[in-house]
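Okay, so here's the structure we're looking at.
The values are calculated or read from the model by the stated rules, or taken from the named source; none is laboratory data. Owing to the predicted nature of the structure, the values given are computational and were not obtained by experimental measurement. All Cβ positions, glycine included, derive from the backbone under ideal geometry; neighbour counts span all protein chains shown. Please note that ligands, DNA and RNA were not included when accessible areas were found on the heavy atoms of the full protein model with its side chains. Shrake-Rupley method; radii C 1.70, N 1.55, O 1.52, S 1.80 Å.
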Amino acid sequence: MLPRGFRNCNPLNIRKSKDQWKGLRAQQTDASFAQFETMEYGWRAAFVLLTRTYYHKYRLYTIRGIVSRWAPEADHNDMAAYIANVSKLTGIGPDEPLGIPSERPARWMMLGAAMAVQENGTSVFDYFAMLRGWNLIL
């Protein structure tokens, strides 16, 4: 069975909200997480959140800052392990600035990929869908 994030075409497990994301499935059957028509739309939403909301709105520039807000311990996450794993996978220090998304897109794509691995594992990870999702925010 596929991990929940992949079944929902939502690689970072974005919670349901009032946001009307592009590509949302007409019927939302998951009680907690948004469901997208394709992985590309799920990646698009993830990258919009990471680059526009977390970077520009909340001014979070590091793995530690982003993950602390994305996966708080209040949601039963092992935040320290999440941060350490994302840092290890990307090769970016937890407190190292990621850079401006438009100038360092590879670092933001690595962040998204590492977070998806943390959220879902790697068994069915589609890197091409991730890259197509990045192109949808341009």
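Observations, loosely collected:
- Sole residue being modelled with pLDDT of 95 or more, open to solvent by less than 30 Å² (accessible area, probe 1.4 Å) and not β-branched (Val, Ile, Thr), chosen from 93, 133, 121: 93
- Condition broken by residue 127, with the remaining ones in (1) open to solvent by 40 Å² or more (accessible area, probe 1.4 Å); (2) hydroxyl-bearing (Ser, Thr, Tyr); (3) in contact (Cβ under 8 Å) with a residue 24 or more places away in the chain; (4) more than 16 Å from residue 14 (Cβ to Cβ) satisfied: (3)
- Filter result (more than 14 Å from the chain's Cα centre (by Cα) and surrounded by 20 or more Cβ atoms within 10 Å (Cβ to Cβ)) within region 65-86: none
- Restricting region 29-64 to residues that are of a type in the set (Ser, Thr, Tyr) and under 28 Å from residue 96 (Cβ atoms) leaves a set whose member that is least open to solvent (accessible area, probe 1.4 Å) is 51.
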